[in-house]
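To start, the structure under review is shown below, and the notes come after it.
The values are calculated or read from the model by the stated rules, or taken from the named source; none is laboratory data. Keep in mind that this is a model prediction, so the values were computed, not measured. Cβ placement follows ideal geometry from the backbone for every residue including glycine, while neighbour counts extend to all protein chains displayed.
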Amino acid sequence: MTSTPAEEQRLRDLARLRRVRDRIDREYAQPLDVEALAHGVHMSSGHLSRAFRQAYGESPYSYLMTRRIERAMALLRRGDLSVTDVCFAVGCSSLGTFSTRFTELVGVPPSVYRREAVRATAGMPSCVAKQVTRPIRNREAAHLGPHLA
């Protein structure tokens, strides 16, 4: 059984999208933009954005910011860094954008999270705390609705 050229192209595109996602996961603290990510897999930025959203349900930028916020949550739980230090440590260049996105994903500002997370996760192994406190992105929340009833 042979696959069609269209199917082969789709599989190649999916492999390239996985490479982009893996790069974001590895290099989240580096200055990344869609143009650089697209160049790295020989795609146009528009095509990468459309294909990434279709495959993963969110834009590459949104995925990058979610990775950064997840890492920021772990650093804030440690309690030894200021919110500003955490912002820059995870690759954000604007404290305002970082705080806004953090509040959207987590539900509380980073300063409040830092204060309350230490108490909420006290005594928990870090791997459990990470899973319990993981932010829920919009596309995941839609899948959780029916299971909660």
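So the values come out like this:
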{"read-out": "Count - residues of the stretch 1-51 that are touching a residue at least 40 places away in the same chain (Cβ under 8 Å) and either touching a helix residue (DSSP H, G or I) at 6+ places or on another chain (Cβ under 8 Å) or part of a helix (DSSP H, G or I) (or both)", "value": "8"}
{"read-out": "Inter-residue pairs, beta-carbon under 6 Å, first under 16 Å from Ala129 (Cβ atoms) and in the stretch 76-90, second among the aromatic types (Phe, Trp, Tyr), 6+ apart", "value": "Leu76/Tyr113"}
{"read-out": "Qualifying positions in the stretch 44-84 - closer than 16 Å to Thr97 by Cβ and more than 12 Å from the chain's Cα centre (by Cα)", "value": "Val83, Thr84"}
{"read-out": "Residue match in the stretch 86-98 (condition: part of a helix (DSSP H, G or I), modelled with pLDDT under 95 and aliphatic (A, V, I, L, M))", "value": "no"}
